[in-house]
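Shown next, in structure tokens, is the structure this report addresses.
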Amino acid sequence: MPEADREIVLRGVGVCPGVASGPAFLLTADEVRVVERTIEEREIPREIARFEEALIATRRQLLEIQQRVGRALDQESASIFDAHLLVVDDRSFVEEVLRGLRATHRNVETVLRGVAERYVEALAGLDDDYLRERAADIKDVTRRILHNLAGQTKATLEGLKDPCLIVAGDLAPSDTAMLDRERVLGFATDLGSTTSHTAIMARALEIPAVVGLHDASVRISTGDPLLIDGGKGLVYVHPSPETLDRYGRLERVHRRLIARLDQLRDEPAQTRDGYMVNLAANIEMPHDVDAVFRHGAHGIGLFRTEFLFLTRDHLPDEAEQAAAYTEVVERLAPETVIIRTMDIGGDKFLSSIKTPPELNPFMGWRAIRFCLAQPEVFLTQLRAILRASARGRVKILYPMISNVDEVVHAQRILEQAKTELRDEGVPFDEAIETGLMIEVPSAALTAEQLAPHVQFFSLGTNDLIQYTLAVDRVNERITYLYEPTHPAILYLIRRTIEASHRAGIWTGICGEMAGNPVLAPLLIGLGVDELSMSPNQVPLVKEVVRSLHYHQTEALVESVRPSDSAGDILERCAALVRETAPDVAQLTG
Ligand code: PEP
Ligand code: MG
């Protein structure tokens with residue numbers, strides 16, 4: 001095999017799970033070549049007219065794309081183009097180009113490119129995700145205006161003939177919006193993070209995607225065979241026959257399984273002997289509700305509200321928030337929606353909230369700590385959630401609780417929100433229940449002290465593992481230490497569940513661990529009442545639950561010795577699932 005055709009594996013951030021394989025299509029940055037030219041004074045009006053025509057054409061194209069996206073996806077995704085329209089309509093941007101024309105006597109393309117570069121440079125250098133995204137918006141719009149000045153229309157993605165995997169340095173939102181699901185099987189980009197516009201679009205379109213690959217667009221050429229694993233964040237270039245075979249087998253098993261599991265959609269998640277565990281869904285955006293229904297989840301165990309605000313440059317007010325929560329609550333009724341109050345900080349920063357940089361953001365001013373320090377922001381969100389509670393079944397979940405004082409303080413602000421709404425005659429659920437995320441070890445270790453204040457716990461194992469094992473959850477170098485079956489984690493989970501049951505309340509798990517089908521028997525044996533996961537994991541976990549007898553889960557838990565390593569325990573879990581649900585075991589490796 002020629003050296004160049006050897007399989008290489010690139011690692012990035014998986015932003016939309018799923019596997020896709022096929023030939024690569026390299027989308028090179030289709031910059032328009034700008035020819036610099038000096039113009040005479042009398043040519044200036046003509047240059048201005050050309051510029052204005054190009055702006056009008058750009059505006060019209062953007063509106064068309066926005067409408068198309070609105071129809072194909074939803075208004076939330078379409079609103080991304082508001083930012084682009086703002087650039088076209090930005091008087092200071094436009095005036096600067098006009099001033100530049102008069103001052104430099106250069107052609108409009110040259111002046112526009114110069115102004116845009118200055119804006120982009122200034123914004124891209126700032127330590128602020130939102131402003132960096134605005135730099136991308138300016139680049140995208142400028143490219144489009146330059147195309148219109150040159151009398152060209154963008155053809156690249158629109159003209160795709162055969163199914164392929166798109167590889168690009170970055171995909172502008174307008175490129176992503178143009179993706180034809182029939183032809184684009186997946187995409188891989190050098191730049192991007194889980195919160196970038198591209199990732200948001202990929203999830204909405206359910207196209208397997210990996211971003212943040214650094215140099216994929218340099219290492220891959222058009223026509224190279226590729227395989228993208230959007231769940232694990234892997235891109236195989238020239239995948240070997242073994243890799244294709246492994247993924248091919250997995251895909252076949254997966255497809256067969258999914259077809260079978262589709263029929264289970266309305267069946268309960270109960271063991272063979274009738275032990276029920278609720279399988280709920282985690283969502284980040286109102287439109288994720290479609291997937292909740294499609295995959296047969298029961299209610300929403302975690303609505304991460306911070307992601308709602310990503311595409312906006314301001315904190316949504318009470319009415320905007322209430323509308324978003326109400327949309328989800330009404331669609332889910334009579335099922336329950338657990339709305340988590342803002343969990344900003346750590347790896348989730350909102351552009352609309354300025355927080356000072358911190359050395360240890362995961363252990364810093366975040367989540368409930370931030371909300372209690374900004375009671376007006378918190379109160380607005382609580383009032384909005386309460387309003388939605390009049391329209392269905394809602395519970396409130398507080399993140400990052402580390403001591404009882406925080407709970408008391410949060411409940412006091414909730415009471416204030418209720419009193420205000422009562423006085424204003426606004427209806428809400430007077431008996432609304434509240435719960436705590438148990439994701440800090442101190443909360444798990446004092447669960448009995450916290451339990452009397454609330455009606456449920458939700459174990460946030462993503463953070464609980466990171467804090468207990470001192471493993472940064474986003475540091476790829478130490479992922480081998482990130483072990484959900486570490487005996488210390490199982491001890492804290494068991495402790496929390498037992499304390500809750502003694503206090504007469506229930507405990508769910510909403511960290512990623514809950515969606516791992518291999519771990520379901522162990523978690524059920526530990527007594528968990530609800531598992532909440534990304535919607536597409538529900539069928540797999542349900543299959544495992546339905547393949548078990550309850551006593552097998554108890555026996556599994558009893559078999560765990562204090563001397564066992566995380567690996568031993570995981571292997572025992574896998575062995576049980578191999579025995580009871582072999583298809584699922586094969587799929588999860
Ligand atoms: C968790 O920490 O397990 C959790 C569910 O919350 P997030 O992943 O949003 O921090
Ligand atoms: Mg968390």
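The values are calculated or read from the model by the stated rules, or taken from the named source; none is laboratory data. Only a predicted model underlies this, so the values are computations on that prediction, with no experimental measurement involved. Quick reminder, even Gly has a Cβ in these numbers, built from the backbone with ideal geometry, and neighbours come from all protein chains shown. The protein model used for the area step is the full one, side chains on, heavy atoms only, and it has no ligands, DNA or RNA in it. Shrake-Rupley method; radii C 1.70, N 1.55, O 1.52, S 1.80 Å.
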Shape of region 492-589, Cα gyration tensor, a/c cut at 1.5
oblate
If I take R0 = 60 Å and measure r between the Cβ atoms of Ala150 and Glu430 in this structure, what FRET efficiency does the formula 1/(1 + (r/R0)^6) give, to the nearest 0.05?
0.40
Only Lys, Arg (+1) and Asp, Glu (-1) charged, at Cβ; region 254-588 dipole about Cα centre in debye
420
Using a Förster distance of 22 angstrom, determine the FRET efficiency expected from the C-beta separation of Arg260 and Ala575, and round it to 0.05.
0.45
Need the full-extension length gain, His105 to Glu558, defined as separation in residues times 0.36 nm minus the C-alpha distance. One decimal, nm.
154.9 nm
Could you do me a favour and compute the accessible area per residue for the chain, 1.4 Å probe, result in Å²?
44
For Asp90 and Glu43 in the same chain, what is the full-extension length gain: residue separation times 0.36 nm, less their Cα-Cα distance, in nm?
14.5 nm
Multiply the residue separation of Thr419 and Arg252 by 0.36 nm, subtract the distance between their alpha-carbon atoms, and state the gained length in nm to one decimal.
54.5 nm
May I ask for the equivalent-ellipsoid semi-axes of the chain, computed as the square root of five times each C-alpha gyration tensor eigenvalue and listed largest first in whole Å?
45, 31, 20
How high is the relative contact order of region 254-588, in percent, with contacts defined as C-alpha pairs under 8 Å that are six or more residues apart?
19
Using a 1.4 Å probe over the heavy atoms of the protein chains, calculate the carbon and sulfur portion of the accessible area of the chain as a whole percent.
51
Given the protein chains as shown and a 1.4 Å probe, how many square angstrom of Ile39 are accessible, to the nearest 10?
10
Before rounding to the nearest 500, sum -39500 (n - 2.57) across all DSSP H runs of length at least 4 in the chain and divide by the residue total; then give [θ] at 222 nm in deg cm²/dmol.
-14500 deg cm²/dmol
In Å², nearest 10: area of Phe362 left accessible to a 1.4 Å probe:
30
State, to one decimal in nm, how far the label point of Ser442 lies from the label point of Glu498, with both points 7 Å from Cα in the Cβ direction.
2.3
Computed E for Asp128/Arg11 - FRET, C-beta separation, R0 22 angstrom, nearest 0.05:
0.25
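When only C-alpha pairs under 8 Å and at least 6 residues apart count, what is the relative contact order of the chain, in percent?
Relative contact order comes out at 13 percent.
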